[in-house]
Amino acid sequence: MISYKKINLLDISLSDAIINCKDSELEIKSPIMMYEIKDNKLLLNINENSDPHNLFLNICEYIDRLFKIKEINTEFMQHKKIIIDILDNSKFYNDNSKNITIKNVKIEGKTICSFIASHGKFKLKNFLLIV
């Protein structure tokens, strides 16, 4: 996992419909963000007045362009929102870093999460609830 702050765009590439950083699959750690959960999707809300959010958004937009160059449809960019698919193997943690189930997560709140990008989608790996 690599923080969005430490990602060098020149190290990012697309291979076999998976986004990589140097020689391994890229797992991006987000900044602290407001979120919503709808229909097995995690929606991260972009605050356009926040420099960390704008940097994070620029990385997501670059990944979107990489997929589109290879004519892979993308589904993770929406006006002021990043859409991440919640998978069966996505892990959820409370504010004490204790493992919890998605049923224990509020529909809205603050989070730091990590995800991968493959086949035109962002896929949730870890979700940490921030109180």
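No lab work stands behind these numbers, since they all come straight from the coordinates. What you are looking at is a predicted structure, and each value in this text was computed from that prediction instead of being measured. Heads up, the Cβs are rebuilt from the backbone with ideal geometry, glycines too, and the neighbour counts pull from every protein chain shown.
If we keep just the residues of the stretch 73-104 that are farther than 13 Å from residue 40 by Cβ and in contact (Cβ under 8 Å) with a residue 40 or more places away in the chain, which is farthest from the chain's Cα centre (by Cα)?
73
Any idea which of 82, 86, 112 is closer than 23 Å to residue 15 by Cβ and surrounded by 16 or more Cβ atoms within 10 Å (Cβ to Cβ)?
Matching residue, one of 82, 86, 112: 82.
Checking residue 70 against (1) within 20 Å of residue 16 (Cβ to Cβ); (2) surrounded by 14 or more Cβ atoms within 10 Å (Cβ to Cβ), which single condition isn't satisfied?
Here residue 70 meets the rest and fails (2).
Taking the stretch 92-131 only, how many residues are assigned to a loop (DSSP other than H, G, I, E, B), farther than 18 Å from residue 28 by Cα and not hydroxyl-bearing (Ser, Thr, Tyr)?
8
Across the stretch 22-53, which residue is surrounded by the most Cβ atoms within 10 Å (Cβ to Cβ) among those that are of a type in the set (A, V, I, L, M, F, W, C) and over 19 Å from residue 108 (Cα atoms)?
28
Can you tell me which residue is nearest to residue 109 (Cα to Cα) among those in the stretch 56-72 that are of a type outside the set (Phe, Trp, Tyr) and within 13 Å of the chain's Cα centre (by Cα)?
By that ranking, first place goes to 57.
Where the second residue is not in a strand (DSSP E or B) and the first is without any contact (Cβ under 8 Å) to a residue 60 or more places away in the chain and lies in the stretch 30-49, which pairs have Cβ atoms under 6 Å and are six or more apart or on separate chains?
If the second residue must be not in a strand (DSSP E or B), the pairs left are 40/86; 46/53; 46/57; 46/80; 47/53.
Could you check residue 95 against (1) farther than 24 Å from residue 131 by Cβ; (2) in contact with a Leu (Cβ under 6 Å, 6 or more places away or on another chain); (3) loosely packed, with under 13 Cβ neighbours inside 10 Å and say which number it fails?
(1)
Are any residues in the stretch 54-67 among the β-branched types (Val, Ile, Thr) and either farther than 13 Å from residue 15 by Cα or surrounded by fewer than 18 Cβ atoms within 10 Å (Cβ to Cβ) (or both), and if so, which ones?
Once the filter is applied, which keeps residues that are among the β-branched types (Val, Ile, Thr) and either farther than 13 Å from residue 15 by Cα or surrounded by fewer than 18 Cβ atoms within 10 Å (Cβ to Cβ) (or both), the stretch 54-67 yields only 59.
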